[in-house]
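Data first, discussion second: the structure below is written as structure tokens.
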Amino acid sequence: MGNLVARLMTVFGDREHKVIIVGLDNAGKTTILYQFLTKEAVHTSPTIGSNVEEIALRKTRFLVWDIGGQESLRATWMSYYGNTEIVILVVDSTDRERLTLTKDELHRMLAHEDLQNASVLVLANKQDMKNSMTAAEISQCLTLNSITGHSWHVQACCALTGEGLPASLDWMRSRVVAN
Ligand code: G3D
């Protein structure tokens with residue numbers, strides 16, 4: 001009976017995959033979460049604590065935690081790491097000054113034992129702004145090529161229009177299906 005239930009759950013895609021959205025404050029995390037859900041930009045206020053939403057793509061269901069990025073909240077990120085399959089790191093592509101800080105947070109995070117099996121999706125957000133860095137520049141600044149123990153991908157996007165987000169979801173789906 002247990003086996004039958006397990007097989008049916010596989011067929012109907014019943015298992016939820018845990019995703020956390022991290023990044024510095026103002027990167028666009030909350031806008032991206034609700035853009036995933038509604039395909040419309042929403043008015044946001046700074047994330048205090050966390051927002052959590054379920055996103056379904058065909059038979060794949062993601063439980064997505066949007067974690068606050070202010071300095072005081074970054075220390076709490078690790079309490080969300082357990083069972084995380086995908087880490088979405090949102091970067092404000094215009095925020096050159098804090099990219100080194102983002103890089104340090106990313107590499108510190110990936111060294112944590114609870115994230116050893118997690119895949120990493122870097123969203124180079126705010127591509128609509130004319131002074132934004134490209135995904136390739138961000139990839140280089142974050143030294144993504146040095147990440148060998150995790151599957152990773154960088155995607156340019158604009159949370160206000162949703163551009164780039166369907167491709168991101170497709171990549172996330174391909175990762176959890178591969179596992
Ligand atoms: P956070 O959850 O990472 O803190 P938010 O970030 O989602 O609250 O977004 C911070 C601000 O950036 C918001 O503006 C939001 O509208 C804006 N923003 C998010 N994504 C984009 C984008 O792709 N392009 C542009 N131009 N702006 C974006 P406000 O004015 O509400 O603070």
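Coordinate-derived values only; no laboratory data. What you are looking at is a predicted structure, and each value in this text was computed from that prediction instead of being measured. In this analysis, Cβ positions are derived from the backbone assuming ideal geometry, glycine residues included, and neighbour counts consider all displayed protein chains.
Some values worked out for this structure:
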read-out: D_trans [Stokes-Einstein, Kirkwood Rh over alpha-carbon pairs] for segment 68-167, 37 °C, 0.692 mPa s, µm² s⁻¹; value: 234
read-out: Amide N proximity, segment 61-86 versus Glu54 label position 7 Å along Cα-to-Cβ, cut-off under 14 Å; value: 61-65
read-out: Size of electric dipole in segment 2-178: Cβ of Lys, Arg +1 and of Asp, Glu -1, about Cα centre, debye, nearest 20; value: 460
read-out: Fraction of antiparallel bridges per DSSP, segment 46-179 only, in percent to nearest 5; value: 45
read-out: Calculated from backbone phi, Karplus (6.51, -1.76, 1.60) coupling profile of segment 119-129 in Hz, x at Gly/Pro; value: 8, 10, 10, 9, 9, 7, 7, 6, 5, 6, 8
read-out: Semi-axes of the equivalent ellipsoid for segment 2-178, Cα gyration tensor, largest first, Å; value: 26, 18, 16
read-out: Compactness relative to 2.2 N^0.38 Å, alpha carbon Rg of segment 104-154; value: 1.23
read-out: Relative contact order [Cα under 8 Å, 6+ residues apart], segment 2-178, whole percent; value: 24
read-out: Aspartates and glutamates whose Cα lies under 13 Å from that of Lys59, excluding same-chain neighbours fewer than 8 positions away; value: Asp14, Glu16, Asp170
read-out: Added length on full extension, which subtracts the Cα-Cα distance from 0.36 nm per residue, Gln140 to Asn26; value: 38.9 nm
read-out: For peptides 121-132, 71-82, sequence by mean Cβ density within 10 Å, most packed first; value: 121-132, 71-82
